[in-house]
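The values are calculated or read from the model by the stated rules, or taken from the named source; none is laboratory data. Source: prediction; values computed, not measured. All Cβ positions, even for glycine, are placed from backbone atoms using ideal geometry, and neighbour counts span all protein chains on display. Calculation scope for accessible area: heavy atoms of the full protein, side chains included, ligands and nucleic acids excluded. Shrake-Rupley method; radii C 1.70, N 1.55, O 1.52, S 1.80 Å.
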Amino acid sequence: MHRERCVGLGLPTASCWPLWPWGSEGALCPDTVPCNPQYFINKTEIQDFPRFPHRGLLLDTSRHFLPVSTILDTLDTMAYNKLNVLHWHVVDDPSFPYESLTFPQLTRKGAYNPITHVYTTQDVKDVIEYARLRGIRVLAEFDTPGHTQSWGPGVPGLLTSCYSGSQPSGTFGPVNPILNSTYEFMDTFFLEVSAAFPDFYLHLGGDEVDFTCWLLDIVSTYDKGYVVWQEVFDNKVKIQPDTIVQVWREEVPVPYLKELELITAAGLRALLSAPWYLNRISYGPDWQAAYKVEPLAFEGTAEQKALVIGGEACMWGEYVDSTNLVPRLWPRASAVAERLWSASQVADLDFASSRLARFRCELLRRGVQAEPIGVGYCNEEFDHW
Amino acid sequence: MQQRALGLWGALGTLATLATLAARAPGASAAPDLGLWPLPRSVRLSPRLLRLSPEDFALGLDPASKAGPSCVILQEAFRRYYDYIFGYYQRRRGPARFYTDSPLLQLVVSVVHDSECDAFPSLSSDESYALTVKGPVAVLKANQVWGVLRGLETFSQLVYQDPYGTFTINESSITDSPRFPHRGILIDTSRHYLSIKTILKTLDAMAMNKFNVLHWHIVDDQSFPYQSVTFPQLSNKGSYTPSHVYTPTDVREVIEYARLRGIRVLPEFDSPGHTESWGKGQKGLLTPCYDGERPSGAFGPINPALNSTYDFMSRFFSEVSKVFPDEFIHMGGDEVDPECWETNPDIEKFMRSRGFYKDFKKLESFYIEKVLNIIASQRKKSIVWQEVFDNEDKIQPSTIVQVWKDKDYPEEQARVTAAGHPVLLSAPWYLDYITYGEDWRTYYKVDPLRFSGSQEQKQRVLGGEACLWGEYVDSTNLTPRLWPRASAVGERLWSDEKVKSINDAYNRLTVHRCRMVRRGIAAQPLYVGHCEQEYKM
């Protein structure tokens, strides 16, 4: 009877008894039989290195707060996928969960709940160290001057007051660039942030609003490099030649491959995200579309192409929180991970499909709530809730 | 990135306006902060507040009630709802202020007519209730236990904690009953196996949303997890693995868990198509496809030309009829592909002998009618997918037709009801078709009676079902994919047709969603925001 069970589980019959699968749940081990899982590995030799050095995942903790445990779990799964940058889009319009020591009112007035929906200094340290132990960099993004509504309540006068005729309307726009107080605030705030996040790079945002160059000057005095969204480049803002530009728009102002071409032609490094907005869900195996992306499929010299240092899968948080983040991220982000690590010739969908299905089952076995990519089953299904 | 023009401040502005409107408008959208979902038929809230204390509040039975202390449904419900109301707040400290006035000490439940305590819910169950919340004793009256269950859910939605942590409820008066009697969720356990825990959690969430039918699409092409006592080889050979099965104990557990929540379990054994997995354990059941003169090795739908087929189906449905107590069985009948039948010479001979010639629709009808008769002889009624009607199969007037094809579905509803058949609507509610953004709004805006027809025809629409087909769904992602999107369908099927305001629905549904999260259901967010207690925190 045990033999039949082994067969049902796909284990070789010869080595079946008293072999049990590594599932330690005990469901298949009757009390009378000692549960002695055996593991095997083929004699193998592998040489490996990544195609791109920057292989990232963006998490948005402003649209919805993500508990620290969720972030740590994500780092674990990133490591399983050889992703090496956590792009932490920590604050935005809806909420400011980052605990600032220099401006505590930012958190107190800007967080959804300043007690429960906050990342304390210790939380941030924990995330950074947890990531470091897995070889993952934490790239923090404090997006300005747009996407800053939540900064306003804690720092009166920071945001531009909108007017209705001659009276303030009560609503606010981006950070106000004409006040000295703004510079003083930014100076102090980014000094704190530069110290809190040890990575050489800071992401300054700059998306969807005309970027002003003063911020870049401020940040460069802290011995940091910076990453910006593509608008900064598109709007022809004067930026340092070591700026990294992140491409996120699929068609505007040009198709993303063309955008990569333009950025690298200007001698700047680029990160690709445009075709990898994993928050944009659709019916069916959309991991295939992510997999088929070829980041270097544009006209350019070898030197230019070397300026594309990698890319990032983005999980924007409008519709995502800890109830649905994990199944929405995995294994779809794994398709991006392979595209950024493996050689460009590794492109066959059928081959990828069968490996990804097995990899997904392995993620389940490790406790990751990765969703299915098609009809089928895993020997150990997810069942912890 | 910034997908919406309405930013945080715009949303707050809207909410502020809505709050002032709610204060002035009577009834329907009163106190959106309560997040009543689905909205009861009639709600009258008074500003007078009553306080509840976990140590000093009890759910109890009226001694004159037709359902007594031995009523397991009610005893279990009292425990469950006490927990929903107070249990999850244990982590918080006790209230900082003590109110000695206006306590609510008890909710007394009274079942007025036959209690149905040991019965199973049915299409004709009475789910109506009347709830009067007044200090110190509130009263919940219902005709049957099923109404009590619905009323307890509403009562639990009325209780909230004030900023000091005190459990509070408004004096209020609610009468309620569902607009449609059949409000279902379809789960598919063939494309992916769903753990029993997932199914039970789904039943919990359904009860919170007043759904009352679990349509269990239990087997299909890909796998046969249903363990049949009469034909054990069906699951032995047809399930994904020996552990991807539902034993008779599992099935009983699901049925009883559902019963305690006033939910019917409607089994679907779909045929003659969608049956590839049946052939693994039942040789000779499926039609062998032919490649010229020889069998190709592939199989098609169930073979309608053999007597053995009907012997099998007879014995199989005899078991199914005993295992599943509901008065209805769903026999499927959708998407029958005649391609394999076309190649098989025995089928050709059979069709000639019956005078069907080349009309495979007639062969399909022949099969369907025989199976419907088999089910009828088990004294069960049938539900079928719309193809059975579209094919002009001979079906009883009482056979329910489930409309699932999206194109022109109101016209289909008109045709089916004009022919005298009851209808279930699913076409606009295929929740497995995920899209980016707030698609719950599309589900909410559906009008199940928006077709040209007489009053009599419209009365034949019994309700509908949100379907979560399993091609891309299993225990890892089922719950956030179902909820709160299915909640939109739940309100459309329960609440009055005039309950249409999307903004009001948004405000109530966000509260209801956080409540589900608090109760351990991983219901995903509607949009930007937060819950006091996030999931997993």
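Brief remarks on what is shown
- Hits among lysines - C-alpha to C-alpha of residue B:141 under 24 Å, sequence gap 8 or more where chains match: B:66, B:210
- Each helix, a run of at least 4 DSSP H residues, gives -39500 (n - 2.57); summed and divided by the residues of the protein assembly as shown, these come to -10000 deg cm²/dmol at 222 nm.
- Annotation: average projected area of the stretch B:389-537 is 10.4 square nanometres, based on the convex hull of Cα atoms across all directions.
- Kirkwood hydrodynamic radius over Cα pairs of the stretch A:168-278, then Stokes diffusion coefficient at 10 °C and 1.306 mPa s, in µm²/s: 105
- Couplings 3J(HN,Hα) of the stretch A:156-170, computed from phi: x, x, 6, 8, 6, 7, 7, 10, 10, x, 9, 10, x, 7, x Hz, in residue order, whole Hz [Karplus 6.51 cos²θ - 1.76 cosθ + 1.60, θ = phi - 60°; x for Gly and Pro].
- Built amide H within the under 5 Å cut-off of residue B:465, gap 5+: B:184, B:425, B:426
- Solvent-accessible area of the stretch B:344-408 (1.4 angstrom probe, protein heavy atoms only): carbon and sulfur portion equals 49 percent.
- Amide hydrogen neighbours beyond the local backbone of residue B:48, cut-off 5 Å, H modeled: B:171
- log10 of Debye I(q)/I(0), alpha-carbon scatterers only, for the stretch A:108-250 at 0.14 Å⁻¹: -0.76
- Note: relative contact order over chain B, using C-alpha pairs below 8 Å and six or more positions apart, is 15 percent.
- Delta accessible area of at least 10 Å² on complex formation, residues of the stretch B:420-449, 1.4 Å probe, chain isolated as reference: B:432, B:433, B:434, B:435, B:436, B:437
- When the other protein chains are added to the chain by itself, burial of at least 30 square angstrom of heavy-atom accessible area (probe 1.4 Å, ligands and nucleic acids ignored) affects these residues of the stretch B:499-537: B:524, B:525, B:527, B:528, B:529, B:530, B:534, B:535, B:536, B:537.
- Loop-located GluC sites (Glu not before Pro) in the stretch B:323-358 (DSSP state other than H, G, I, E, B) with a sparse environment of at most 16 neighbouring Cβ atoms within 10 Å: B:327, B:335.
- What chain B shows is 40 Å² of accessible area per residue, with the surface traced by a 1.4 Å probe over protein heavy atoms.
- Ordering A:377, B:433 by accessible surface, largest first, gives B:433, A:377; the 1.4 Å probe counts only protein heavy atoms, with every chain in place.
- Probe 1.4 Å - accessible area at residue A:355, Å² to nearest ten: 80
- Checking Cβ-Cβ separations below 4.7 Å across chain B identifies B:467 as cysteines lacking any candidate disulfide partner.
- Between 0 and 90°, nearest 10: helix B:360-377 axis offset from chain B longest Cα axis: 60
- Phi angles across the stretch A:95-106 convert, under the Karplus curve 6.51 cos²θ - 1.76 cosθ + 1.60 with θ = phi - 60°, into 3J(HN,Hα) values of 7, 10, x, 7, 7, 8, 7, 7, 9, x, 5, 3 Hz, Gly and Pro given as x.
- Helix A:121-132 and the longest principal axis of the Cα set of chain A meet at an angle near 50°.
- Legend: residues B:381, B:361, B:394, sorted from most to least accessible area (1.4 Å probe; ligands, DNA and RNA excluded), read B:394, B:361, B:381.
- Sparse-neighbour loop sites [trypsin sites (Lys or Arg not before Pro); the stretch A:166-241; at most 10 other C-beta within 10 Å; DSSP]: A:236, A:238
- Computed from point charges on the beta carbon alone (+1 for Lys and Arg, -1 for Asp and Glu), the dipole magnitude for the stretch B:253-303 about its Cα centre is near 180 Debye.
- Seen against the Cα atoms of chain B and their longest principal axis, helix B:8-24 is set at about 70 degrees.
- Apportionment of accessible area to carbon and sulfur, the stretch A:63-365, percent (1.4 Å): 56
- One way to sum up the overall shape of chain B is the equivalent ellipsoid from its Cα gyration tensor, whose semi-axes run 46, 24, 22 Å, largest first.
- Under 5 Å between amide hydrogens, built in the peptide plane, is the criterion, and for residue A:176 it picks out A:159, A:160 among residues at least 5 positions away or on other chains.
- Percent antiparallel among DSSP beta bridges (both partners in the protein assembly as shown, rounded to 5): 25
- Build a GNM of chain A with springs between Cα atoms under 10 Å apart, and of A:279, A:113, A:36 the one that fluctuates most is A:36.
- Net charge over other residues, Cβ less than 9 angstrom from the Cβ of residue B:506 (K, R count +1; D, E count -1): 0
- Our coupling estimate for the stretch B:271-284, obtained by passing each phi through the Karplus curve with A = 6.51, B = -1.76, C = 1.60 and θ = phi - 60°, is 7, x, x, 6, 10, 3, 5, 5, x, 5, x, 10, 5, x Hz, Gly and Pro reported as x.
- Convex hull of the stretch A:63-365 built on C-alpha atoms - directionally averaged projected area, nm²: 16.8
- Three-way shape call for the protein assembly as shown based on the alpha-carbon gyration tensor, with the a/c threshold at 1.5: oblate
- Loss of accessible area when B meets A, both sides summed, Å² nearest 100, probe 1.4 Å: 4900
- Global form of the stretch A:94-188, assessed from the alpha-carbon gyration tensor, a/c cut-off 1.5: prolate
- Accessible surface of the stretch B:171-258, 1.4 Å probe, proportion on carbon and sulfur as whole %: 53
- DSSP-assigned coil residues among GluC sites (Glu not before Pro) in the stretch A:160-255, each with at most 11 further Cβ atoms within 10 Å: A:251
- When every Cα-Cα distance of the stretch A:280-339 is counted in 5 angstrom steps from zero, the calculated P(r) takes the values 4, 15, 24, 20, 15, 10, 7, 4, 1 percent.
- Chain-alone versus full-assembly comparison, the stretch A:327-365, residues with accessible loss of at least 10 Å² (1.4 Å probe): A:327, A:328, A:360
- Relative contact order of the stretch A:49-183: 23 percent, from C-alpha pairs under 8 Å at least 6 residues apart in sequence.
- Take the Cα of residue B:55, step 7 Å toward its Cβ, do the same at residue B:359, and the gap between the two points is 7.8 nm.
- Filter on A:43/A:305; B:349/B:407; A:292/B:280; B:197/B:237; B:283/B:362 - keep pairs with C-alpha separation over 28 Å: A:43/A:305; B:349/B:407; A:292/B:280
- Taking the DSSP beta bridges with both ends in chain B, the antiparallel portion is around 35 percent.
- Considering only beta bridges that DSSP places wholly inside the stretch A:63-365, some 15 percent are antiparallel.
- Heavy-atom accessible area per residue - the stretch A:63-365, 1.4 Å, Å²: 38
- Rounded Å value of the spacing that divides the Cα centres of the stretch B:114-143 and the stretch A:84-110: 49
- Contact order normalised by residue count of the stretch A:63-365, Cα under 8 Å, 6+ apart, percent: 14
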